[in-house]
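Accompanying notes for the structure given below.
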Amino acid sequence: MVSPKTKVLHEILGDPSLLWVLRAIPKEVKNTVIVVNKNHDEIKRSIKIWEENKLFKTKIYFAVQSAPKGTSDALLSAKPLIDKLKANNVLILSADAPLITESNLSKLIKNCPSLGISEVVDPRGYGRVFIEKSGVNLVSIVEDQDATEAQYLHKVINSGFYALSWKTLLPFLKLVKNSNKQKELYLTDAINSLAKGLKIKSIRFGLEEISGLNTRADLSLLHDYAKKKINNAWLKQGVSILDPSNTFIGPRVKLSTDVLIEPNVSLIGAVSIGTGSKIQTGSRIEDSKLGNFTIVRPYTLIDRSVLTNHVIVGPFSRLREGTELADHVQIGNFVETKKAKISKGTKANHLTYLGDVSIGTNSNIGAGVITCNYDGVNKHKTIIGNDVFIGSNTQMIAPISVGDGALVAAGTTVTEDVPRHHKAKSRVPQVNRPINKAKK
């Protein structure tokens, strides 16, 4: 991958490969052992965050493989934990094959002992799987590097996914030798030995499900597979996507009927969008909730925010974390909000920064208004009441409050609280003087 980041933490549509795999694990699998190397702090931190956000259901344990000796040795590294958990059967997966589906993994479990296979045009890089004439049971698996010329042309490949009896598999794992070109301890050698005395069923997987992540080209291909699958699913559910090839919708997004998505939109993380809402060109929304009939105009960024119904935002707006917009709020061009709670019917249509602020209903925030929330050490809050008018180019020096029905004149620097139904103005008086033309 040419990256300091752990391979399985590279993202497809906003979610790391490992998270895709964990999310696909069927509910009947209660415990999961992840085999890692010694430097796995990055993975542990990620797992902790995902667990806190309940992004998967299985309980996670870690087993450390001291050196990368091969897939058979990796599984043996997990033996103490598997034994402690008293597992009868094991579902063996690869963390770098993110697009596996829960339904096919359930088939593997139901047909245990079993393995996943796929038939491809170009089998290079994959182990070849040979099946009995019945077309079901495994005969053998030959790794790509060890294939003969005839075997190399075989199109049926190994997915790397298995459901097996732990008690039956374990003795064969212990017998695996590194007598291959790669000098690795192959799990497939144990499975080949197992297949001599046991019928192992083959379950067919789609090409995208068995596609692995090893290069940036692989990452791009996986991204394309996931994008097409997700977008096609939403099109079938009554969502309008004007340009599916240039629309990026993550796996945790939830969309209602009659949502309209224009080109070059990205919806990443836990996003939900209500009926009849429109997301216009070039906008990016992350981990946010939008209600019904809301309009996000072009090139707007929304992050960790909540918008209710009939809200209009943009173009070129930025809603940062903690923004909450009630019904019929309007946020216009070049307006930035952060930890802003804005009540029903309020408008801020131009060139404004609203940070650490609470605004009541039906208030109007003029162009160029700034809530000055940071004193160089701490952040402070601004509270603006109902039916308030804040004139253009006003600076609100927090902590500050403006009462209901108050008016703040344009160009004012507000340094004291403004009582209800009062007018505040602090301007240097204008002085007009004649221009003295220079003598020739």
**OP:** With Rg and Dmax of the Cα atoms in Å in mind, check (1) 29.8, 112; (2) 22.2, 75; (3) 20.4, 60 and report the label derived from this structure.
**Re:** (1)
Subject >> Over segment 135-206, relative contact order from alpha-carbon pairs under 8 Å, at least 6 apart, % >> reply: 48
**OP:** Would you pull out the residues with amide H under 5 Å of Val139's amide H, same chain only if 5 or more places away, H placed 1.01 Å from N?
**Re:** Phe130, Ile131, Glu132
Subject >> Most positive-pole-ward Cα, Phe172, Ile203, Tyr186, against dipole of segment 163-204 from beta carbon charges >> reply: Ile203
**OP:** Mind ranking 82-91, 223-232 by how tightly packed they are, going by the mean number of other C-beta atoms within 10 angstrom, highest first?
**Re:** 223-232, 82-91
Original post:
Using a Gaussian network model of the chain with C-alpha springs under 10 Å, which one of Asp41, Asp404, Asp189 is most mobile by mean-square fluctuation?
Top reply: Asp41
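Residues with beta-carbon under 14 Å from that of Thr275, excluding Thr275: net charge, scoring Lys, Arg +1 and Asp, Glu -1?
On the way: positive: Lys254, Lys278, Lys289; negative: Asp258.
Taking every other residue near Thr275 into account, the sum is +2.
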Original post:
Taking the Cα centre of the chain as the origin, how large is its charge dipole in debye, to the nearest 20, when only Lys and Arg (+1) and Asp and Glu (-1) carry charge on their Cβ atoms?
Top reply: 540
**OP:** Taking a cut-off of 20 Å between Cα atoms, list the lysines near Lys236, but don't count ones fewer than 8 places away on the same chain.
**Re:** Lys227, Lys228, Lys254, Lys278
**OP:** In square nanometres and to one decimal, what's the mean projected area of the convex hull around the Cα atoms of segment 324-439?
**Re:** 9.2
Subject >> Backbone HN-Hα couplings from phi across segment 138-152 [Karplus 6.51/-1.76/1.60, Hz, Gly and Pro as x] >> reply: 6, 9, 6, 10, 10, 5, 3, 5, 9, 6, 6, 4, 5, 5, 4
Original post:
Does anything in segment 1-26 have its amide N under 16 Å from the 7 Å Cα→Cβ label point of Asn53, and if so which residues?
Top reply: 9-24
**OP:** Could you list the square roots of 5 times each eigenvalue of the Cα gyration tensor of segment 8-70, that is, the equivalent ellipsoid semi-axes, sorted largest first and rounded to whole Å?
**Re:** 19, 15, 11
**OP:** Please find, in a Gaussian network model of the chain (springs between Cα atoms separated by less than 10 Å), the residue of Leu169, Leu325, Leu115 whose mean-square fluctuation is greatest.
**Re:** Leu169
**OP:** Rounded to the nearest Å, what's the spacing between the alpha carbon centres of segment 365-440 and segment 309-360? Just the number, please.
**Re:** 19
**OP:** Taking amide H positions as placed in the peptide plane 1.01 Å from N, state which residues far from Ser363 in sequence (5 or more) or on other chains have amide H under 5 Å from it.
**Re:** Thr346, Lys347, Asp387, Val388
**OP:** With θ set to phi - 60°, apply the Karplus curve 6.51 cos²θ - 1.76 cosθ + 1.60 along segment 347-353 and write out the HN-Hα couplings as whole Hz, x wherever there is a Gly or Pro.
**Re:** 10, 9, 9, 8, 6, 9, 10
Original post:
Pick from Ser103, Ser392, Ser266: which is most flexible by mean-square fluctuation in a GNM of the chain where alpha carbon atoms under 10 Å apart are linked?
Top reply: Ser103
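What Kirkwood radius, in Å to one decimal, follows from the Cα pairs of segment 246-385? Could you put the intermediate results ahead of the total?
On the way: mean 1/r = 0.0679 Å⁻¹.
By the Kirkwood definition, the hydrodynamic radius is 14.7 Å.
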Original post:
Out of residues 5 or more away from Ile34 or on other chains, whose amide H comes under 5 Å of its own, with H placed 1.01 Å from N in the peptide plane?
Top reply: Tyr61, Phe62, Ala63
**OP:** Quickly work out the Ala270-to-Asn180 label distance, labels modelled 7 Å from Cα along the C-beta direction, and quote it in nm with one decimal.
**Re:** 4.1
**OP:** Could I have the simple spin-label model distance between Arg320 and Thr415, label points 7 Å from Cα toward Cβ, reported in nm to one decimal?
**Re:** 2.5
**OP:** Work out how much length Asp243 to Met1 would gain on full extension: take 0.36 nm times their residue separation and subtract the Cα-Cα distance, in nm to one decimal.
**Re:** 84.2 nm
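Which value, to two decimals, describes the C-alpha radius of gyration of segment 7-209 once divided by 2.2 N^0.38 Å?
On the way: Rg = 16.6 Å, N = 203, 2.2 N^0.38 = 16.6 Å.
Here the Cα radius of gyration is 1.00 times the empirical estimate.
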Subject >> Cβ-defined net charge surrounding Arg23, 12 Å radius [Lys, Arg +1; Asp, Glu -1] >> reply: +2
Original post:
Which whole-Hz couplings ³J(HN,Hα) result when phi for each residue of segment 298-314 is put into the Karplus expression 6.51 cos²θ - 1.76 cosθ + 1.60, θ = phi - 60°, listed in order with x for Gly and Pro?
Top reply: x, 6, 9, 10, 10, 9, 6, 10, 10, 10, 8, 9, 6, 8, 10, 10, x
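Would you work out the relative contact order for the chain, in percent, from Cα pairs under 8 angstrom that are 6 or more residues apart? Let's see the in-between values first.
Details: 1093 pairs, mean separation 33.9, N = 440.
For the chain, the relative contact order is 8 percent.
Any read-out appearing in this document is the output of simple, stated calculations on the displayed coordinates, not a laboratory observation. All figures in this text were calculated on a predicted structure; none of them were measured in a lab. In this analysis, Cβ positions are derived from the backbone assuming ideal geometry, glycine residues included, and neighbour counts consider all displayed protein chains.
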